[in-house]
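Asker: For reference, the structure I am asking about is given below.
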Amino acid sequence: MSDPERILIVRLSHLGDVVHALGLHHALHAAYPRARIAWAVQPEFAGLLRGLPGLTEVLQFRRRDGLTAWRDLARALAAFRPDWTVDAQGNAKSALASLLSRAPRRVAPHRLDWQERWAAWSAGEHAPPLAPPARHAMQRMEQLARHLAPHTALPLRTDAGLTSAERAAGAAELAARAPAGGGLVLLHLSAPEDVRAWPAAHWRTLTRALVARGRAVLVLSGPTEAALGRALAAELQDARIAHWVEQRGLRQLAAVFAAAGERDAQLVACDSGPLHLAAAHGLALVALAGPQDAARTGPWPLAGPHLVVRSSREPECAPCLKHVCHHRAGPVCMHGLAPEDVLAALERTR
C-alpha cells in the first residue's frame, strides 16, 4: 500500500481525549512526514491543535449548529479529500464524520473499544483488540498508531508541540501568577455540577492545609469553574495563595503546566481535560478519582510520577463510569475523599 498524501484524524471531543490523540498525530507525522494531516474537532478544542507540528488543517465541527454543522463539515472534508481517515473516537458522531470524509481507507479502534458498537461498521478496518489487562485510552491510541505505522516507537509522544516562544511565555506567566514560597502546588478546580467534582469545602480545606505547611498555592479555574474560582478568591486571602480565575487558552495552559513541571511543582485535579494536559507536559500530579476508573482514563503513563487517590470509604458501586450519580446519598465517592488523604499523597510524591 502506497503512503498517504492526506490523512484525516477524527477526534471531535473532549479535551482529555483530544490530548490522548496527540500521540496518534505525532506517530503519523513521524511515519509519513510528507503527508498533509487534518484534524476534525470541536471549536473549543481547536486552539490546542493550532501550532501542532505537522498539522496542516483544523476542520471545526460546530456541533451546536445542528444540521448546519454537518453540512459545513462535509464541505470541509470534501475540500481536503483524505486518502486515510483515522477515527480516534469510536462513537456515532465520529463514525458519521468518517463516512462523510469518503476516504478510501477508513481505520478505527477495535469494535470492543467503541461507545456505540453498532456504528463500528463505518470503518473498513480496525486496530487489534487490547490484550487484557490493558484498557487505558492511551493504549487504544497506541494500537491505532502501530496498526497504521508498524514501526512506531512506544511510548507515544503526547505533548502539544509547544514552540520555544510558547514555553518562554508559559514560564513568564507562571512566574507572574504564582505566589512566593517553596513547594508550589497548583489546584485545578472542578465544576460543581460534574459528577467527578470534588466539593468546594474540600478544596478550601486543602488550600489552607497546604499554606499551613509552608507551601505556595496557585488556584486555577477555567470557564466552567469560574464561579467557584471567584468564590474561593474572595474567601482565601493570603500572600501564599494566588488565584487565576477563568483561565482561557489551552496552549497557554499547556505551557504553564510545562513550566510548573520544570519547577518540580505538583498539580491536584479531578479526572478532567486539564489533568491530562498537565500529565502530557511533564507535571507530576495527584488525581482525585471517584466514579472513573484510573486504569481506563487516569493520568498517563500509569507507571509515571503520578498518584491516584480514592476515598477510603468508597461505595461498592465505584468506579461506576457513569456521568450521572444514582447513589441515594449522592456522589459519596468524591465527597468521602478526604483533604488529609490528598495532602498525604502530595507529601509522598514530593
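Asker: If you count, for each residue, the other Cβ atoms within 10 Å and average over each peptide, how do 172-185, 78-91 line up from highest to lowest?
Answerer: Values: 172-185: 15.8, 78-91: 22.0.
Highest-to-lowest ranking by the protection proxy: 78-91, 172-185.
Asker: For the chain, find the longest principal axis of its Cα atoms and tell me its angle to the long axis of helix 200-212, 0 to 90°, nearest 10.
Answerer: Helix 200-212 sits at roughly 60 degrees to that axis.
Asker: Could you state the angle between the C-alpha long axis of helix 164-177 and the longest principal axis of the C-alpha atoms of the chain, as a value from 0 to 90 degrees rounded to the nearest 10?
Answerer: 20 degrees
Asker: Using a 10 Å cut-off on Cβ atoms, rank the peptides 303-316, 109-122, 139-152 from the highest mean neighbour count down.
Answerer: Result, highest mean Cβ count within 10 Å first: 139-152, 109-122, 303-316.
Asker: Now for a separate question. Among ALA74, ALA30, LEU15, whose Cα sits farthest toward the positive end of the charge dipole of segment 1-129 (+1 at Cβ of Lys/Arg, -1 at Cβ of Asp/Glu, about the Cα centre)?
Answerer: Working it through, the farthest residue towards the positive pole turns out to be ALA74.
Asker: Based on Cβ point charges of +1 for Lys and Arg and -1 for Asp and Glu, what charge dipole magnitude is obtained for the chain about its Cα centre, in debye rounded to the nearest 20?
Answerer: 440 debye
Asker: Still on this structure, please answer the following. Can you give me the angle between helix 67-80 and the longest principal axis of the chain, using Cα atoms only, in degrees from 0 to 90, rounded to the nearest 10?
Answerer: Here the helix axis deviates by roughly 60 degrees.
Asker: Let me ask you something else. Kindly list the residues of segment 226-259 that lie in the label zone of ALA212, defined by a backbone N under 17 Å from the point 7 Å along the Cα-to-C-beta vector.
Answerer: It comes to 236-241, nothing else.
Asker: Order of ILE9, ILE241 from fewest to most other C-beta atoms within 10 Å?
Answerer: Least crowded to most crowded, the residues run ILE241, ILE9.
Asker: Taking Rh as the Kirkwood radius, which is the inverse of the mean 1/r over Cα pairs, what is the Rg/Rh value for segment 110-210?
Answerer: Details: Rg = 20.7 Å, Rh = 18.5 Å.
Taking Rh as the inverse mean 1/r over Cα pairs, Rg/Rh reads 1.12.
Asker: Please compute the modelled spin-label separation between TRP118 and ALA295, points set 7 Å along Cα→Cβ, answer in nm with one decimal.
Answerer: If labels sit at ALA295 and TRP118, their model points lie 3.0 nm apart.
Asker: At a 10 Å Cβ-Cβ cut-off, how would you order LYS93, LYS322, fewest neighbours first?
Answerer: On the way: LYS93 19, LYS322 14.
Result, fewest neighbours first: LYS322, LYS93.
Asker: Got a sec to turn the phi values of segment 330-339 into Karplus ³J(HN,Hα) couplings, 6.51 cos²θ - 1.76 cosθ + 1.60 with θ = phi - 60°, whole Hz, x for Gly and Pro?
Answerer: Karplus values, whole Hz, x for Gly and Pro: x, x, 5, 5, 8, 5, x, 7, 6, x.
Asker: In what sequence, highest mean first, do 271-277, 233-239 appear when ranked by Cβ atoms within 10 angstrom?
Answerer: Going from most to least packed, we get 271-277, 233-239.
Asker: Here's something else I'd like to know. Taking amide H atoms as placed 1.01 Å from N in the peptide plane, list the residues 5 or more away in sequence, or in a different chain, whose amide H sits under 5 Å from that of LEU187.
Answerer: LEU218, VAL219, LEU220, VAL268
No lab work stands behind these numbers, since they all come straight from the coordinates. Here the structure is a predicted model, which is why all the values come from computation and not from measurement. Ideal geometry is used to build each Cβ from the backbone, glycine not excepted, and the neighbour counts take in all protein chains shown.
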